[in-house]
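Some notes on the structure that comes next.
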Amino acid sequence: MTPFPLNWNDIDDVLLDMDGTLLDRHFDNFFFEEELPRRYAALHGVQLEESRDTLMAMYRSVEGELAWTDLHYWTQRLGIDVVAMTKELDHMIGYLCGAEEFLQHLQQLEKRVTIVTNAHESGVAIKVAKTGLNRYVDRIVNACEVGYLKMRPEYWPNCAQLLGFDPTRSLYMDDDEACLNAAKKFGLAYLIHSAKSSSQLPPSPLAQFISVTGFSPLLNGRPVI
């Protein structure tokens, strides 16, 4: 195991993804892949598998666009109140193991911490109300504020202008490979991949990034794959 190449003295800004990095992606996976297809099937009188295939095709049709994560867009398109559903199932929303401790550690280090999320503001508000995530960070920025999703190359220049961070002195952590690749192209110096995005799925490490399965490597200086 090689030493973890991270010196907190070289980092001013910490940019953190929300779902799959700080919060357990099991909620989102269940919501969009299981429960929403189930309700759509009941609404239209079709089999669950057909409903799931239909929704997956709908998701893919707008992937990479702001509509992809816009809960109001999906409410309109599906005829199901997706925001109300999110509130109904908020008991499933929670932190990944060690996430709160990591955020507290960043507070002690006096770093500027910003959550940068593709999630829609309506969903962010529900998750913040459930977890108190805003207590640990300086700001939460959703994709609509920036104008693009994080996997788009236009996102990062806009985000840097909005937040005023120096990419050479910033750390960014995400579970999404496309988002990390876009950040790398922009020149963000410290990139960490969250390999364990869901408590219910095995880790999925990436070879081209430092992949961690928890937060202890960022606290004690050694990676855990």
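The values are calculated or read from the model by the stated rules, or taken from the named source; none is laboratory data. Nothing here was measured: the structure is a model prediction, and the numbers come from that model. Cβ placement follows ideal geometry from the backbone for every residue including glycine, while neighbour counts extend to all protein chains displayed. Surface areas here come from the heavy atoms of the whole protein model, side chains and all, with no ligands, DNA or RNA. Shrake-Rupley method; radii C 1.70, N 1.55, O 1.52, S 1.80 Å.
With the stretch 117-225 as the region, which helices (runs of 4 or more DSSP H) entirely inside it contain at least 3 residues that are under 21 Å from LEU6 (Cβ atoms), open to solvent by 30 Å² or more (accessible area, probe 1.4 Å) and touching a Ser or Thr at 6+ places or on another chain (Cβ under 7 Å)?
So the answer is none; nothing clears 3.
Could you grab me the full set of residues in the stretch 124-171 that are farther than 21 Å from SER194 by Cα, under 15 Å from the mean Cα position of the chain (by Cα) and not β-branched (Val, Ile, Thr)?
Within the stretch 124-171, ALA125, CYS144, TYR148 meet the criteria.
Could you grab the pairs with beta carbons closer than 7 Å, sequence gap of 6+ or different chains, first residue in the stretch 50-77 and farther than 20 Å from CYS179 by Cβ, second one assigned to a loop (DSSP other than H, G, I, E, B)?
What qualifies is THR75/ASP81.
Which residue pairs have Cβ atoms closer than 6 Å, lie 6 or more positions apart in sequence or on different chains, and pair a first residue in the stretch 24-49 that is among the aromatic types (Phe, Trp, Tyr) with a second residue that is open to solvent by 40 Å² or more (accessible area, probe 1.4 Å)?
Taking only residues 6 or more apart or on different chains, the pairs are PHE27/MET92.
Name the helices (runs of 4 or more DSSP H) wholly inside the stretch 1-112 in which the number of residues that are farther than 26 Å from THR213 by Cβ and more than 18 Å from the chain's Cα centre (by Cα) is 2 or more.
Fully inside the stretch 1-112 and qualifying: 36-44, 48-61, 71-78, 82-88.
Here is a yes/no grid of residues against (1) out of contact with any His (no Cβ under 8 Å at 6 or more places or on another chain); (2) modelled with pLDDT under 95; (3) open to solvent by 20 Å² or more (accessible area, probe 1.4 Å):
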position: HIS72; (1), (2), (3): no, no, yes
position: GLY79; (1), (2), (3): yes, no, yes
position: MET85; (1), (2), (3): yes, no, no
position: GLU88; (1), (2), (3): yes, no, yes
position: HIS105; (1), (2), (3): yes, yes, yes
position: VAL113; (1), (2), (3): yes, no, no
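Taking the condition polar (S, T, N, Q), modelled with pLDDT of 95 or more and within 27 Å of LYS150 (Cβ to Cβ), does GLN47 pass?
Taking the combined requirement at face value, the residue does not satisfy it.
If you take the residues of the stretch 90-103 that are hydrophobic (A, V, I, L, M, F, W, C) and over 15 Å from VAL14 (Cβ atoms), which of them is surrounded by the most Cβ atoms within 10 Å (Cβ to Cβ)?
Among them, the one singled out is LEU96.
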